[in-house]
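Input: a single structure, listed below in structure tokens.
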Amino acid sequence: MRSIWGGLTRRADGPGEIAADMLRLIALVCIPIAGIGWGPLGLVSLAFVAACMVVPRLLHVRPGLDIAFGVIALVSVWSSVTDLYVSVRWWDIPMHFLMNGLAAVVAVLLFARLRLIADPLRLPRPVVAAVLVTTAFGLGLGVIWEVFEWFGKTFIDDGIYVDYRDTIGDLVWGGLGSALGGLALPVLAPEPDRAAVRRA
């Protein structure tokens, strides 16, 4: 646990990690902008995403995964805040596919690091285990997001678009993205030398 929190204060190493930290800074700047321009739901959405963007840094993941997670998270949340999903109806398909997949990978790495689940890459059939576990995590995260949308529509802003077919479609595309993320988990997982540094 101590090594995870150490990832929060460590100095960025190389241009990739610096770029990922710049994305986190952009996310922080976006919080008040979203609150002023789009109200409390926009503020809460950006604050939640900004907090989630810290997790890859805590895990010291590969810079490519960190940057991809940050970029897609920001694009996804701003698409929601600005109602781009409503005006461009197909836009939520790639966003759910990519965001769910990346979020599921990060969640699996986090839970494995905390020893709440077995590391799928250390099991007898690592690829199959990674796909199954990451897909399950992705579907779970997708359900949480859909509940958040329902909560927002019911208690905060009834202008939020929630529809049965849209919800099921989001879960399907998110599940497919998560399955692909699980297939790529051996490539996206932290490098062995970084894992050794974290344990030190």
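Numerical summary
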{"quantity": "ALA34 over 17 Å from the mean Cα position of the chain (by Cα) and not in a helix (DSSP H, G or I)", "calculated": "no"}
{"quantity": "The lone exception for ASP13 - which of (1) modelled with pLDDT under 95; (2) more than 14 Å from the chain's Cα centre (by Cα); (3) in a helix (DSSP H, G or I) it fails", "calculated": "(3)"}
{"quantity": "Flag for ILE67 being β-branched (Val, Ile, Thr), modelled with pLDDT of 90 or more and either over 17 Å from the mean Cα position of the chain (by Cα) or loosely packed, with under 14 Cβ neighbours inside 10 Å (or both)", "calculated": "no"}
{"quantity": "Cβ pairs under 9 Å, 6+ apart, first in region 52-74 and among the aromatic types (Phe, Trp, Tyr), second outside any helix (DSSP H, G or I) and buried (at least 19 other Cβ atoms within 10 Å of the Cβ)", "calculated": "PHE69/MET53; PHE69/VAL61"}
{"quantity": "Test: residue in region 70-78 that is hydrophobic (A, V, I, L, M, F, W, C), modelled with pLDDT of 95 or more, within 27 Å of LEU180 (Cα to Cα) and not in a helix (DSSP H, G or I)", "calculated": "no"}
{"quantity": "Selection within region 90-130 - touching a residue at least 24 places away in the same chain (Cβ under 8 Å) and of a type in the set (Asp, Glu)", "calculated": "ASP92"}
{"quantity": "Whichever residue in region 155-194 is among the aliphatic types (A, V, I, L, M) and loosely packed, with under 15 Cβ neighbours inside 10 Å and, among such residues, is modelled with the lowest pLDDT", "calculated": "ILE156"}
{"quantity": "Number of the condition not met by ALA118 [criteria: (1) part of a helix (DSSP H, G or I); (2) farther than 28 Å from ALA19 by Cβ; (3) among the aliphatic types (A, V, I, L, M)]", "calculated": "(1)"}
{"quantity": "Filter result for MET53 (surrounded by 19 or more Cβ atoms within 10 Å (Cβ to Cβ), within 22 Å of PHE151 (Cβ to Cβ) and out of contact with any Gly (no Cβ under 7 Å at 6 or more places or on another chain))", "calculated": "no"}
{"quantity": "Odd one out for TRP90 among (1) assigned to a helix (DSSP H, G or I); (2) over 13 Å from the mean Cα position of the chain (by Cα)", "calculated": "(1)"}
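Condition check ((1) modelled with pLDDT of 95 or more; (2) among the aromatic types (Phe, Trp, Tyr); (3) under 17 Å from CYS52 (Cβ atoms); (4) open to solvent by 40 Å² or more (accessible area, probe 1.4 Å)) across all residues:
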| site | (1), (2), (3), (4) |
| --- | --- |
| LEU84 | no, no, no, yes |
| TRP91 | no, yes, no, yes |
| LEU98 | yes, no, yes, yes |
| VAL108 | yes, no, yes, no |
| PHE111 | yes, yes, yes, yes |
| ARG115 | no, no, no, yes |
| ALA130 | yes, no, no, no |
| PHE137 | yes, yes, yes, yes |
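The values are calculated or read from the model by the stated rules, or taken from the named source; none is laboratory data. The structure presented is a predicted model; accordingly, all values stated were derived computationally and were not measured. Don't worry about glycine lacking a Cβ; one is built from the backbone with ideal geometry, like all the others, and counts go over all protein chains shown. For accessibility, only protein heavy atoms count, side chains too; no ligands or nucleic acids. Shrake-Rupley method; radii C 1.70, N 1.55, O 1.52, S 1.80 Å.
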